[in-house]
1. Could you count how many residues in the range 110-127 are away from the ligand (no atom under 14 Å from the Cβ) and touching a helix residue (DSSP H, G or I) at 6+ places or on another chain (Cβ under 9 Å)?
2. Residues that are over 24 Å from residue 206 (Cα atoms), touching a residue at least 60 places away in the same chain (Cβ under 8 Å) and out of contact with any helix residue (DSSP H, G or I) (no Cβ under 7 Å at 6 or more places or on another chain): does the range 296-310 have at least one?
3. Given the criteria at pLDDT 95 or above, outside any helix (DSSP H, G or I), crowded, with 19+ Cβ neighbours inside 10 Å and within 13 Å of the ligand (Cβ to nearest atom), does residue 84 qualify?
4. Would a scan of the range 99-114 turn up a residue that is buried (at least 24 other Cβ atoms within 10 Å of the Cβ), assigned by TED's automatic domain parsing to the domain that holds residue 7 and over 21 Å from residue 6 (Cβ atoms)?
5. Can you say whether residue 55 is away from the ligand (no atom under 16 Å from the Cβ) and at pLDDT below 95, as far as the supplied structure shows?
6. For residue 137, state whether it is away from the ligand (no atom under 16 Å from the Cβ) and over 17 Å from residue 116 (Cα atoms).
7. Output the residues belonging to the range 58-77 that are surrounded by fewer than 19 Cβ atoms within 10 Å (Cβ to Cβ) and within 19 Å of residue 154 (Cβ to Cβ).
Ligand code: SF4
C-alpha cells in the first residue's frame, strides 16, 4: 500500500494539468486554487489528503463526496499539444494494474479517506485496450469490493460502442472530452485525435443508449450521465463556437454539463509559449452555458461582441437586461416563467416562488419579495411591481 500511495501522490502532482478535467465555473476557485477538478461538481482540495489527489466535492444534488481524482497510467502514446502526459515529454510515468487501483481505492474508502473516484488514463496500446482496463477497474470495484459510491469513468478516444455502454452501466458519470468546439480547432490542439469518429461519436452513442435501451444491467438502475470539457483560449477559438457546441450537446445529446478549462501552457509542450487564458473567460462561458441549459435561453440572445466573444467585464445576464429591460421593465405580476428567468437575480427557484405567490395575491413591493426569500438587490432596476418600478419608487421616497 505504501508504494501505491506514493504512486497516487505522483499522479496527483500533475492532475491539475490534466486537460480532461473540469472546473466548477467559479472564478474564485481557480484563482485561489488552480488544482481544480472533475465531474460536475464543486471541488476543494481535501486539507487532509490533498497530496493523494482527494477533493471535497459535491456531486449531483449536492451530495458531499471525498473524490479521488487519479489515472490508471500517466504514460500516453498520443501527443496532444497542451498535455503534460503527451508522448515524448520528459516526465516520470506511473502505471497501475486494474486490480491494484481498485484495491487501493477500496482501502482508502474503508479508511474514510475517499468516498468517490474519478478515473482517467493516458492511452497505451490504443483506446480499446485502455478502455478495457478502466472498465476492469470499475468491475472490480463494484463486484469484488461492492463499492456503492460515486464513480466517474473517462471514455477513451477510440473506445467502442459496447465499451461505452458497459462504462455507463458501472459508473455514475462518464465523460468524453471534445477539447475543441470544431474539427479545425482540435487539429490545432491535438492532431492525433479525430473529432467526429473518436470524440463526438461516443457522446452520440451514450445518448442513443440512454434514449433507446432499458438500464437493465446498471449498478443502480440508472444510466450514467455524460459530460465533456473544452480547452479554452489556445486555438483562437471564440465564445460563440464553444456555446454553439454546448447548445447542441445540451439539446441534442442530453449532456449534463459542458466544462471549460482556461488554457494554461505546460513546460516542454508545443504550446508552451502561448499565453495563459484569462480565467474570467472561463467564468463567463459557464454563466452563459447555464443560461442555455437551465434558463431556456437561445444562443442568439447571448450578448456576443462582434468578434464572437462575450464581454469579460459583465455577467451575460446583466448585459442582456441592460439592453432589454432597463427601459422596458418586466411586470412581475404578469410575466411567464421564461421571461422571469431573464431578470438578473431571478433563478429557477425564485421564478417558481413568484409564480406560486401570485396565485395568492398581487406582488406590490420589494418587501413582499424579500418575505418570500428572494433577494431584490439585482432585480429592482429591471422589474415593475403592480405597474410601479420599485427602484424609481424608492428614489422618490
Ligand atoms: S490522449 Fe492526449 S490529452 Fe489524453 S493523456 Fe494522452 S496526450 Fe494527454
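The values are calculated or read from the model by the stated rules, or taken from the named source; none is laboratory data. Note that the structure is a prediction, hence the values are computed from the model and not measured. Glycine also receives a Cβ, built like all others from the backbone with ideal geometry; neighbour counts cover every protein chain displayed.
1. Of the residues in that region, 5 qualify.
2. Yes, there is a match, as at least one residue in the range 296-310 is over 24 Å from residue 206 (Cα atoms), touching a residue at least 60 places away in the same chain (Cβ under 8 Å) and out of contact with any helix residue (DSSP H, G or I) (no Cβ under 7 Å at 6 or more places or on another chain).
3. no
4. Among the residues of the range 99-114, not one is buried (at least 24 other Cβ atoms within 10 Å of the Cβ), assigned by TED's automatic domain parsing to the domain that holds residue 7 and over 21 Å from residue 6 (Cβ atoms), which makes the answer no.
5. On the way: away from the ligand (no atom under 16 Å from the Cβ): yes; at pLDDT below 95: yes.
Here the answer is yes, as residue 55 does meet what is asked.
6. Taking the combined requirement at face value, the residue does not satisfy it.
7. 60, 75, 77 - these are the residues of the range 58-77 that are surrounded by fewer than 19 Cβ atoms within 10 Å (Cβ to Cβ) and within 19 Å of residue 154 (Cβ to Cβ).
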